[in-house]
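Participant: What follows is a single structure, and I will ask about it in a moment.
The values are calculated or read from the model by the stated rules, or taken from the named source; none is laboratory data. Since the model is a prediction, treat every value here as computed from it, not as a measurement. Reconstructed Cβ throughout: ideal geometry from the backbone, glycine too, with neighbour counts over all protein chains shown. We work out accessible area using only protein heavy atoms, side chains counted, and drop any ligands, DNA or RNA first. Shrake-Rupley method; radii C 1.70, N 1.55, O 1.52, S 1.80 Å.
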Amino acid sequence: MLQLPDSIPRMKTPVSVDESYKLCRQLIVKYSTTFYIGTLLVEKPKRKHIWAIYAWCRRTDELVDGPASAITTPETLDLWEQQLESIFAGQPLDSIDVALVDTVQRFPIDIQPFRDMIAGQRMDLYRSRYETFEELHLYCYRVAGTVGLMSTAVMGVDTSTNTAPWNCHQQPYIPTEEAITLGIAHQLANILRDVGEDARRGRIYIPQEDLARFNYTEQDLFKGVVDERWRSLMRFQIARARQFYAKAEKGISYLSADARLPVWASLMHYSRILNIIERNDYNVFTRRAYVPQWQKLRALPAAWLRAQVL
Ligand SMILES: CC(C)=CCC/C(C)=C/CC/C(C)=C/CC/C(C)=C/[C@@H]1[C@@H](COP(=O)(O)OP(=O)(O)O)[C@]1(C)CC/C=C(\C)CC/C=C(\C)CCC=C(C)C
Ligand SMILES: Nc1ncnc2c1ncn2[C@@H]1O[C@H](COP(=O)(O)OP(=O)(O)OP(=O)(O)O)[C@@H](O)[C@H]1O
Ligand SMILES: [Mn+2]
(Lines give C-alpha, C1' and ligand atoms only; values in the text may rest on other atoms or scores of the structure.)
(Ligands and ions follow the chains in the order given, each with its own letter.)
Protein backbone atom coordinates (compact mmCIF):
# COMPACT_ATOMS: atom_id res chain seq x y z
CA MET A 1 0.00 0.00 0.00
CA LEU A 2 1.28 3.45 -0.83
CA GLN A 3 2.01 6.02 1.82
CA LEU A 4 -0.77 8.45 2.69
CA PRO A 5 -0.06 11.89 4.12
CA ASP A 6 -1.86 12.20 7.48
CA SER A 7 0.13 15.31 8.18
CA ILE A 8 2.96 16.89 6.24
CA PRO A 9 5.65 14.29 6.82
CA ARG A 10 9.34 15.08 7.22
CA MET A 11 11.83 12.71 5.70
CA LYS A 12 13.17 10.50 8.49
CA THR A 13 15.82 8.60 6.57
CA PRO A 14 17.05 10.60 3.61
CA VAL A 15 17.63 8.53 0.50
CA SER A 16 19.98 9.29 -2.36
CA VAL A 17 18.59 10.49 -5.68
CA ASP A 18 19.56 7.15 -7.26
CA GLU A 19 17.78 5.17 -4.55
CA SER A 20 14.71 7.32 -4.99
CA TYR A 21 14.59 6.64 -8.75
CA LYS A 22 14.83 2.91 -7.89
CA LEU A 23 11.74 3.25 -5.70
CA CYS A 24 9.92 4.95 -8.58
CA ARG A 25 10.93 2.14 -10.92
CA GLN A 26 9.61 -0.43 -8.43
CA LEU A 27 6.23 1.32 -8.44
CA ILE A 28 5.85 1.31 -12.23
CA VAL A 29 6.98 -2.35 -12.41
CA LYS A 30 4.39 -3.27 -9.80
CA TYR A 31 1.48 -1.31 -11.26
CA SER A 32 1.75 -1.15 -15.05
CA THR A 33 3.25 -3.44 -17.65
CA THR A 34 2.11 -1.23 -20.51
CA PHE A 35 3.83 1.90 -19.26
CA TYR A 36 6.86 0.05 -17.93
CA ILE A 37 7.49 -1.47 -21.38
CA GLY A 38 6.89 2.02 -22.82
CA THR A 39 9.54 3.57 -20.58
CA LEU A 40 12.08 0.84 -21.41
CA LEU A 41 11.84 2.12 -24.98
CA VAL A 42 12.55 5.70 -23.89
CA GLU A 43 16.24 6.54 -24.24
CA LYS A 44 18.13 5.85 -21.03
CA PRO A 45 18.86 9.42 -19.88
CA LYS A 46 15.13 10.28 -19.92
CA ARG A 47 13.74 6.96 -18.66
CA LYS A 48 14.09 7.43 -14.92
CA HIS A 49 12.46 10.85 -15.14
CA ILE A 50 9.30 9.29 -16.58
CA TRP A 51 9.42 6.80 -13.67
CA ALA A 52 9.49 9.72 -11.23
CA ILE A 53 6.43 11.26 -12.89
CA TYR A 54 4.71 7.86 -12.95
CA ALA A 55 5.35 7.36 -9.23
CA TRP A 56 3.84 10.72 -8.33
CA CYS A 57 0.78 10.12 -10.56
CA ARG A 58 0.27 6.62 -9.20
CA ARG A 59 0.44 7.80 -5.60
CA THR A 60 -2.00 10.60 -6.38
CA ASP A 61 -4.42 8.14 -7.97
CA GLU A 62 -4.06 5.69 -5.09
CA LEU A 63 -5.26 8.35 -2.65
CA VAL A 64 -8.75 8.09 -4.12
CA ASP A 65 -8.61 4.73 -5.89
CA GLY A 66 -6.36 2.55 -3.75
CA PRO A 67 -7.01 0.35 -0.72
CA ALA A 68 -6.72 3.26 1.73
CA SER A 69 -9.07 5.52 -0.26
CA ALA A 70 -11.82 5.18 2.37
CA ILE A 71 -9.85 7.43 4.70
CA THR A 72 -8.99 10.04 2.07
CA THR A 73 -10.69 13.39 2.66
CA PRO A 74 -10.40 16.78 0.95
CA GLU A 75 -7.86 17.64 3.67
CA THR A 76 -5.71 14.66 2.63
CA LEU A 77 -5.58 16.13 -0.87
CA ASP A 78 -4.79 19.61 0.56
CA LEU A 79 -1.77 18.09 2.29
CA TRP A 80 -0.79 16.25 -0.87
CA GLU A 81 -0.96 19.54 -2.75
CA GLN A 82 1.26 21.22 -0.14
CA GLN A 83 3.70 18.33 -0.56
CA LEU A 84 3.61 19.00 -4.32
CA GLU A 85 4.38 22.71 -3.83
CA SER A 86 7.31 21.63 -1.69
CA ILE A 87 8.62 19.38 -4.48
CA PHE A 88 8.60 22.32 -6.89
CA ALA A 89 10.29 24.47 -4.23
CA GLY A 90 13.13 21.91 -4.20
CA GLN A 91 12.23 20.34 -0.86
CA PRO A 92 11.28 16.64 -0.95
CA LEU A 93 9.20 15.50 2.01
CA ASP A 94 9.55 11.77 1.51
CA SER A 95 11.88 9.32 -0.15
CA ILE A 96 9.88 8.91 -3.37
CA ASP A 97 9.64 12.68 -3.88
CA VAL A 98 13.45 12.99 -3.99
CA ALA A 99 13.49 11.75 -7.61
CA LEU A 100 10.74 14.11 -8.74
CA VAL A 101 12.53 17.09 -7.19
CA ASP A 102 15.56 16.14 -9.27
CA THR A 103 13.41 15.69 -12.41
CA VAL A 104 11.56 19.00 -12.19
CA GLN A 105 14.89 20.79 -11.78
CA ARG A 106 16.25 19.24 -14.99
CA PHE A 107 13.28 19.66 -17.35
CA PRO A 108 10.90 22.54 -18.13
CA ILE A 109 8.03 20.95 -16.22
CA ASP A 110 5.11 23.14 -15.21
CA ILE A 111 3.45 22.55 -11.84
CA GLN A 112 -0.06 23.29 -13.17
CA PRO A 113 -0.77 19.82 -14.69
CA PHE A 114 0.14 18.31 -11.30
CA ARG A 115 -2.29 20.63 -9.53
CA ASP A 116 -4.90 19.82 -12.17
CA MET A 117 -4.49 16.09 -11.52
CA ILE A 118 -5.14 16.62 -7.82
CA ALA A 119 -8.26 18.60 -8.83
CA GLY A 120 -9.31 15.53 -10.85
CA GLN A 121 -8.88 13.28 -7.81
CA ARG A 122 -10.97 15.76 -5.82
CA MET A 123 -13.79 15.21 -8.32
CA ASP A 124 -13.72 11.51 -7.40
CA LEU A 125 -14.32 12.48 -3.77
CA TYR A 126 -17.53 14.36 -4.35
CA ARG A 127 -19.07 12.95 -7.49
CA SER A 128 -19.90 9.53 -8.84
CA ARG A 129 -21.95 10.52 -11.90
CA TYR A 130 -21.34 12.64 -15.02
CA GLU A 131 -24.35 14.17 -16.79
CA THR A 132 -22.66 15.02 -20.08
CA PHE A 133 -19.57 14.04 -22.03
CA GLU A 134 -18.30 17.59 -21.57
CA GLU A 135 -18.19 17.01 -17.80
CA LEU A 136 -16.47 13.64 -18.24
CA HIS A 137 -14.00 15.23 -20.65
CA LEU A 138 -12.90 17.69 -17.94
CA TYR A 139 -12.40 14.80 -15.49
CA CYS A 140 -10.38 12.87 -18.10
CA TYR A 141 -8.20 15.91 -18.83
CA ARG A 142 -7.46 16.30 -15.15
CA VAL A 143 -6.62 12.71 -14.26
CA ALA A 144 -4.98 11.64 -17.53
CA GLY A 145 -4.56 14.47 -20.08
CA THR A 146 -2.25 16.07 -17.53
CA VAL A 147 0.06 13.02 -17.72
CA GLY A 148 0.51 13.77 -21.44
CA LEU A 149 1.70 17.29 -20.59
CA MET A 150 4.08 16.10 -17.87
CA SER A 151 5.58 13.35 -20.05
CA THR A 152 6.00 15.56 -23.12
CA ALA A 153 8.06 18.01 -21.06
CA VAL A 154 10.57 15.19 -20.45
CA MET A 155 10.41 13.48 -23.85
CA GLY A 156 10.84 16.73 -25.74
CA VAL A 157 9.87 17.76 -29.24
CA ASP A 158 11.72 17.39 -32.53
CA THR A 159 13.48 20.61 -33.39
CA SER A 160 15.12 19.38 -36.60
CA THR A 161 12.25 18.63 -39.00
CA ASN A 162 9.61 20.42 -37.03
CA THR A 163 10.35 23.79 -38.59
CA ALA A 164 11.38 24.66 -42.12
CA PRO A 165 15.11 25.57 -42.41
CA TRP A 166 14.29 28.93 -44.05
CA ASN A 167 12.12 29.72 -41.10
CA CYS A 168 14.75 29.49 -38.41
CA HIS A 169 13.07 31.97 -36.06
CA GLN A 170 9.87 29.99 -35.91
CA GLN A 171 9.25 27.91 -32.80
CA PRO A 172 8.83 24.14 -33.28
CA TYR A 173 5.28 22.85 -33.10
CA ILE A 174 4.55 21.59 -29.58
CA PRO A 175 1.89 18.85 -29.76
CA THR A 176 0.23 19.87 -26.51
CA GLU A 177 -3.33 19.18 -27.66
CA GLU A 178 -2.40 15.74 -28.98
CA ALA A 179 -0.53 14.86 -25.78
CA ILE A 180 -3.59 15.75 -23.71
CA THR A 181 -5.79 13.87 -26.16
CA LEU A 182 -3.75 10.67 -25.77
CA GLY A 183 -4.19 10.81 -22.00
CA ILE A 184 -7.93 11.31 -22.47
CA ALA A 185 -8.12 8.40 -24.94
CA HIS A 186 -6.38 6.13 -22.41
CA GLN A 187 -8.72 7.25 -19.67
CA LEU A 188 -11.78 6.57 -21.83
CA ALA A 189 -10.47 3.04 -22.56
CA ASN A 190 -9.73 2.61 -18.84
CA ILE A 191 -13.29 3.67 -17.93
CA LEU A 192 -14.81 1.16 -20.36
CA ARG A 193 -12.57 -1.65 -19.06
CA ASP A 194 -13.49 -0.87 -15.45
CA VAL A 195 -17.27 -0.35 -15.80
CA GLY A 196 -18.05 -3.41 -13.62
CA GLU A 197 -15.43 -2.66 -10.98
CA ASP A 198 -16.57 0.98 -10.74
CA ALA A 199 -20.25 -0.01 -10.55
CA ARG A 200 -19.46 -2.24 -7.56
CA ARG A 201 -18.19 0.93 -5.88
CA GLY A 202 -21.32 2.85 -6.88
CA ARG A 203 -19.52 4.79 -9.61
CA ILE A 204 -20.68 5.39 -13.18
CA TYR A 205 -18.34 7.33 -15.45
CA ILE A 206 -20.31 6.74 -18.67
CA PRO A 207 -22.31 9.98 -19.08
CA GLN A 208 -25.95 9.83 -18.04
CA GLU A 209 -26.91 11.45 -21.38
CA ASP A 210 -25.41 8.43 -23.19
CA LEU A 211 -27.22 5.88 -20.99
CA ALA A 212 -30.47 7.74 -21.76
CA ARG A 213 -29.74 7.88 -25.50
CA PHE A 214 -29.49 4.08 -25.60
CA ASN A 215 -32.39 3.60 -23.21
CA TYR A 216 -30.14 1.72 -20.78
CA THR A 217 -30.72 2.44 -17.09
CA GLU A 218 -28.45 2.64 -14.07
CA GLN A 219 -30.31 -0.36 -12.65
CA ASP A 220 -29.42 -2.33 -15.81
CA LEU A 221 -25.81 -1.31 -15.33
CA PHE A 222 -25.74 -2.32 -11.66
CA LYS A 223 -27.27 -5.70 -12.65
CA GLY A 224 -24.68 -6.09 -15.43
CA VAL A 225 -27.24 -6.51 -18.21
CA VAL A 226 -25.52 -7.22 -21.56
CA ASP A 227 -28.11 -6.86 -24.31
CA GLU A 228 -28.41 -5.00 -27.64
CA ARG A 229 -28.94 -1.66 -25.85
CA TRP A 230 -25.69 -2.16 -23.92
CA ARG A 231 -23.77 -3.36 -26.99
CA SER A 232 -24.88 -0.30 -28.98
CA LEU A 233 -23.96 1.98 -26.09
CA MET A 234 -20.53 0.36 -25.84
CA ARG A 235 -19.97 0.55 -29.62
CA PHE A 236 -20.64 4.27 -29.35
CA GLN A 237 -18.23 4.71 -26.43
CA ILE A 238 -15.51 2.66 -28.15
CA ALA A 239 -15.87 4.67 -31.38
CA ARG A 240 -15.49 7.89 -29.38
CA ALA A 241 -12.36 6.63 -27.61
CA ARG A 242 -10.89 5.65 -30.99
CA GLN A 243 -11.52 9.19 -32.32
CA PHE A 244 -9.38 10.48 -29.47
CA TYR A 245 -6.66 7.94 -30.26
CA ALA A 246 -6.75 8.97 -33.95
CA LYS A 247 -6.31 12.66 -33.07
CA ALA A 248 -3.47 11.87 -30.63
CA GLU A 249 -1.61 9.80 -33.25
CA LYS A 250 -1.24 12.90 -35.43
CA GLY A 251 0.95 14.54 -32.77
CA ILE A 252 3.50 11.76 -32.31
CA SER A 253 5.76 12.73 -35.23
CA TYR A 254 6.37 16.13 -33.59
CA LEU A 255 7.97 14.46 -30.56
CA SER A 256 11.72 13.98 -30.39
CA ALA A 257 12.71 10.99 -32.54
CA ASP A 258 13.55 8.73 -29.59
CA ALA A 259 10.15 9.34 -27.94
CA ARG A 260 8.02 8.18 -30.87
CA LEU A 261 8.49 4.44 -30.39
CA PRO A 262 7.58 4.43 -26.66
CA VAL A 263 4.50 6.54 -27.31
CA TRP A 264 3.38 4.43 -30.28
CA ALA A 265 3.99 1.23 -28.31
CA SER A 266 2.03 2.31 -25.24
CA LEU A 267 -0.74 3.71 -27.44
CA MET A 268 -1.05 0.43 -29.33
CA HIS A 269 -0.89 -1.64 -26.14
CA TYR A 270 -3.40 0.34 -24.14
CA SER A 271 -5.87 0.87 -27.00
CA ARG A 272 -6.01 -2.91 -27.49
CA ILE A 273 -8.23 -2.89 -24.41
CA LEU A 274 -10.97 -1.67 -26.76
CA ASN A 275 -10.46 -4.62 -29.15
CA ILE A 276 -10.56 -7.07 -26.25
CA ILE A 277 -13.81 -5.57 -24.97
CA GLU A 278 -15.27 -6.18 -28.44
CA ARG A 279 -13.90 -9.71 -28.44
CA ASN A 280 -15.54 -10.29 -25.05
CA ASP A 281 -18.86 -9.28 -26.63
CA TYR A 282 -18.94 -6.11 -24.48
CA ASN A 283 -19.14 -8.01 -21.20
CA VAL A 284 -17.12 -5.69 -18.98
CA PHE A 285 -19.06 -6.78 -15.92
CA THR A 286 -17.67 -10.24 -15.28
CA ARG A 287 -14.70 -10.40 -17.71
CA ARG A 288 -11.66 -8.14 -17.43
CA ALA A 289 -10.38 -6.84 -20.76
CA TYR A 290 -6.83 -7.95 -20.07
CA VAL A 291 -4.20 -7.47 -22.79
CA PRO A 292 -1.78 -10.43 -22.54
CA GLN A 293 1.96 -9.72 -22.46
CA TRP A 294 2.59 -11.65 -25.68
CA GLN A 295 0.15 -9.36 -27.51
CA LYS A 296 2.04 -6.33 -26.20
CA LEU A 297 5.36 -7.77 -27.40
CA ARG A 298 3.88 -8.80 -30.74
CA ALA A 299 2.81 -5.19 -31.42
CA LEU A 300 6.35 -3.82 -31.04
CA PRO A 301 7.53 -4.23 -34.68
CA ALA A 302 4.42 -2.41 -35.92
CA ALA A 303 4.99 0.34 -33.32
CA TRP A 304 8.61 0.62 -34.49
CA LEU A 305 7.52 0.93 -38.12
CA ARG A 306 5.00 3.64 -37.30
CA ALA A 307 7.61 5.53 -35.29
CA GLN A 308 9.87 5.56 -38.39
CA VAL A 309 7.40 6.43 -41.12
CA LEU A 310 4.39 8.27 -39.68
C1 LIG B 1 5.86 5.78 -22.24
C2 LIG B 1 5.39 6.92 -21.46
C3 LIG B 1 5.89 8.23 -21.82
C4 LIG B 1 4.51 6.71 -20.46
C5 LIG B 1 4.01 7.68 -19.49
C6 LIG B 1 3.90 6.97 -18.18
C7 LIG B 1 3.23 7.75 -17.07
C8 LIG B 1 3.94 8.90 -16.49
C9 LIG B 1 2.04 7.27 -16.60
C10 LIG B 1 1.27 7.81 -15.44
C11 LIG B 1 0.01 6.97 -15.29
C12 LIG B 1 -0.75 7.21 -14.00
C13 LIG B 1 -0.43 6.37 -12.83
C14 LIG B 1 -1.69 8.20 -13.93
C15 LIG B 1 -2.56 8.46 -12.75
C16 LIG B 1 -4.05 8.55 -13.13
C17 LIG B 1 -4.40 7.28 -13.88
C18 LIG B 1 -4.42 6.01 -13.12
C19 LIG B 1 -4.63 7.34 -15.22
C20 LIG B 1 -4.73 6.17 -16.06
C21 LIG B 1 -3.63 5.44 -16.63
C22 LIG B 1 -3.74 4.00 -16.86
O23 LIG B 1 -3.22 3.29 -15.79
P24 LIG B 1 -3.77 1.86 -15.28
O25 LIG B 1 -4.40 1.04 -16.35
O26 LIG B 1 -2.63 1.25 -14.56
O27 LIG B 1 -4.89 2.38 -14.34
P28 LIG B 1 -5.63 1.70 -13.12
O29 LIG B 1 -4.94 0.40 -12.90
O30 LIG B 1 -7.04 1.56 -13.57
O31 LIG B 1 -5.52 2.68 -11.99
C32 LIG B 1 -4.45 6.26 -17.43
C33 LIG B 1 -5.53 5.69 -18.25
C34 LIG B 1 -3.90 7.52 -18.09
C35 LIG B 1 -2.44 7.45 -18.49
C36 LIG B 1 -2.09 8.60 -19.39
C37 LIG B 1 -0.92 8.69 -20.04
C38 LIG B 1 0.15 7.66 -19.92
C39 LIG B 1 -0.65 9.89 -20.93
C40 LIG B 1 -0.19 9.48 -22.33
C41 LIG B 1 0.29 10.63 -23.15
C42 LIG B 1 1.60 10.85 -23.51
C43 LIG B 1 2.72 9.96 -23.08
C44 LIG B 1 1.91 12.05 -24.39
C45 LIG B 1 2.32 11.61 -25.80
C46 LIG B 1 2.48 12.74 -26.72
C47 LIG B 1 1.80 12.91 -27.88
C48 LIG B 1 2.11 14.11 -28.72
C49 LIG B 1 0.74 12.01 -28.40
N1 LIG C 1 -6.77 -12.77 -17.85
C2 LIG C 1 -5.63 -12.61 -17.16
N3 LIG C 1 -4.61 -13.46 -17.33
C4 LIG C 1 -3.48 -13.28 -16.64
N5 LIG C 1 -3.26 -12.31 -15.75
C6 LIG C 1 -4.22 -11.43 -15.54
C7 LIG C 1 -5.46 -11.52 -16.24
N8 LIG C 1 -6.22 -10.51 -15.84
C9 LIG C 1 -5.50 -9.80 -14.96
N10 LIG C 1 -4.29 -10.35 -14.75
C11 LIG C 1 -3.27 -9.82 -13.78
O12 LIG C 1 -3.74 -8.59 -13.27
C13 LIG C 1 -2.75 -7.55 -13.45
C14 LIG C 1 -3.47 -6.26 -13.84
O15 LIG C 1 -4.06 -6.38 -15.10
P16 LIG C 1 -4.04 -5.17 -16.14
O17 LIG C 1 -5.02 -5.46 -17.20
O18 LIG C 1 -4.17 -3.90 -15.39
O19 LIG C 1 -2.61 -5.29 -16.80
P20 LIG C 1 -1.23 -4.63 -16.48
O21 LIG C 1 -0.21 -5.71 -16.61
O22 LIG C 1 -1.29 -3.85 -15.21
O23 LIG C 1 -1.02 -3.67 -17.70
P24 LIG C 1 -1.59 -2.19 -17.98
O25 LIG C 1 -0.41 -1.33 -17.82
O26 LIG C 1 -2.00 -2.28 -19.42
O27 LIG C 1 -2.72 -1.89 -17.06
C28 LIG C 1 -1.80 -8.06 -14.53
O29 LIG C 1 -0.49 -7.61 -14.36
C30 LIG C 1 -1.91 -9.57 -14.39
O31 LIG C 1 -0.94 -10.00 -13.46
MN1 LIG D 1 -3.07 -2.07 -14.92
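Participant: Quote the FRET efficiency, to the nearest 0.05, computed for Glu177 versus Arg298 with a Förster distance R0 of 30 Å and r equal to the Cβ-Cβ distance.
Facilitator: The formula returns an efficiency of 0.50 here.
Participant: In a shell of Cβ-Cβ distance under 10 Å around Arg288, excluding Arg288 itself, what net charge do Lys and Arg (+1) and Asp and Glu (-1) give?
Facilitator: 0
Participant: A further question follows. Net charge near Arg298, counting Lys/Arg +1 and Asp/Glu -1 over other residues with Cβ under 15 Å of its Cβ?
Facilitator: +3
Participant: What relative contact order, as a whole-number percentage, does the range 180-289 give when Cα pairs under 8 Å and 6 or more residues apart are counted?
Facilitator: Relative contact order, the range 180-289: 44 percent.
Participant: Normalised by the number of residues in the range 85-167, what is the relative contact order in percent for Cα pairs under 8 Å and 6+ residues apart?
Facilitator: 30
Participant: Under a 5 Å amide H to amide H cut-off, with H placed in plane at 1.01 Å, what residues pair with Leu255 once short-range neighbours are removed?
Facilitator: Asp158
Participant: Let me ask you something else. Which of Val17, Ile28, Leu79 sits closest to the plus end of the dipole of the chain, meaning its Cα is farthest towards the positive end, when Lys and Arg get +1 and Asp and Glu get -1 on the C-beta?
Facilitator: Result: Ile28, furthest along the dipole toward the positive end.
Participant: Can I ask one more? For the range 66-142, divide the Cα radius of gyration by the Kirkwood radius and give the resulting Rg/Rh value with two decimals.
Facilitator: Reported Rg/Rh (Cα atoms, Kirkwood Rh): 1.03.
Participant: Would you mind classifying the range 14-149 by shape? Square roots of the alpha carbon gyration tensor eigenvalues, ordered a ≥ b ≥ c; an a/c under 1.5 is rounded, otherwise it is prolate if a/b is larger than b/c and oblate if not. List each step's numbers first, then the result.
Facilitator: Values: a/c = 1.73, a/b = 1.44, b/c = 1.20.
It comes out prolate by the Cα gyration axes.
Participant: What percent do you get for the relative contact order of the chain when only Cα pairs under 8 Å and 6+ apart count?
Facilitator: With pairs under 8 Å counted, the relative contact order is 19 percent.
Participant: If the range 25-66 were replaced by its equivalent ellipsoid, with semi-axes equal to the square roots of 5 times the Cα gyration tensor eigenvalues, what would those be, largest first, whole Å? Walk me through the intermediate numbers first.
Facilitator: Numbers: eigenvalues 76, 22, 8 Å².
Equivalent ellipsoid semi-axes, largest first: 20, 10, 6 Å.
Participant: Another question about this same structure. Over the Cα atoms, compute the radius of gyration (one decimal) and Dmax (the largest Cα-Cα distance, rounded to a whole number) for the range 211-310, in Å.
Facilitator: For the range 211-310, the Cα-based Rg and Dmax read 16.5, 49 Å.
Participant: I'd like the FRET efficiency for Phe133 and Glu19, computed as 1/(1 + (r/R0)^6) with the beta carbon distance as r and R0 of 41 Å, rounded to 0.05.
Facilitator: Calculated value: 0.40.
Participant: Now a separate question. Near Glu249, within a Cβ-to-Cβ distance under 12 Å, what is the net charge of the other residues, with Lys and Arg +1 and Asp and Glu -1?
Facilitator: Value of the local net charge: +4.
Participant: Can you give the extra length, in nm with one decimal, that the chain gains between Ser160 and Ile71 once fully stretched, where that is 0.36 nm per residue apart less the Cα-Cα distance?
Facilitator: Separation in residues times 0.36 nm, less the Cα-Cα distance, equals 27.1 nm.
Participant: So how far apart, in nm, are the two label points at Ala257 and Leu310 if each is 7 Å from Cα heading toward Cβ?
Facilitator: Modelled inter-label distance: 2.0 nm.
Participant: Right, something else. Select from Val226, Tyr216, Thr159 the residue farthest towards the positive end of the dipole of the range 141-297; place +1 on Cβ of Lys and Arg, -1 on Cβ of Asp and Glu, and compute about the Cα centre.
Facilitator: Sorting the options by dipole projection puts first Val226.
Participant: In addition: Rounded to the nearest 20 debye, what is the charge dipole size of the range 103-205 about its Cα centre when +1 sits on each Lys and Arg Cβ and -1 on each Asp and Glu Cβ?
Facilitator: For the range 103-205, the charge dipole is close to 400 debye.
Participant: For Met11 and Leu40, compute 0.36 nm times the residue count separating them, minus their Cα-Cα distance, and round to one decimal in nm. Walk me through the intermediate numbers first.
Facilitator: Working: separation 29, 0.36 × 29 = 10.44 nm, distance 2.96 nm.
Full extension from Met11 to Leu40 adds 7.5 nm.
Participant: Which whole-number value in Å² is the accessible area per residue of the chain, probe 1.4 Å?
Facilitator: Heavy-atom SASA per residue in the chain reads 47 Å².
Participant: Mind checking which lysines have their C-alpha under 16 Å from Lys30, skipping anything on the same chain fewer than 8 residues away?
Facilitator: Within the straight-line limit of under 16 Å, Lys30 reaches these lysines: Lys22, Lys48.
Participant: To continue, here is another question. For a test of the definition: using alpha carbon positions, the gyration tensor, and the 1.5 limit on a/c, classify the range 133-232 as rounded, prolate or oblate. Numbers along the way, then the final one.
Facilitator: Numbers: a/c = 3.95, a/b = 3.01, b/c = 1.31.
Prolate.
Participant: Using the Cα gyration tensor of the chain, with a ≥ b ≥ c the square roots of its eigenvalues, what is the shape: rounded (a/c below 1.5), prolate (a/b larger than b/c) or oblate (neither)? Mind dumping the intermediate values first?
Facilitator: Working: a/c = 1.75, a/b = 1.17, b/c = 1.50.
Judged from the Cα gyration tensor, the chain comes out oblate (a/c at least 1.5, b/c at or above a/b).
Participant: Let me ask another. By how many nm would the segment from Phe88 to Arg279 lengthen if fully extended, with 0.36 nm per residue of separation less the alpha-carbon distance?
Facilitator: Going from the current span to full extension adds 64.3 nm.
Participant: For the chain, what does -39500 (n - 2.57) per DSSP helix run (n ≥ 4), summed and divided by total residues, give at 222 nm, in deg cm²/dmol to the nearest 500?
Facilitator: Computed ellipticity for the chain at 222 nm equals -20000 deg cm²/dmol.
Participant: Summarise the accessible area of the chain (1.4 Å probe, protein heavy atoms) by the percent that is carbon and sulfur.
Facilitator: Carbon and sulfur together cover 54 percent of it.
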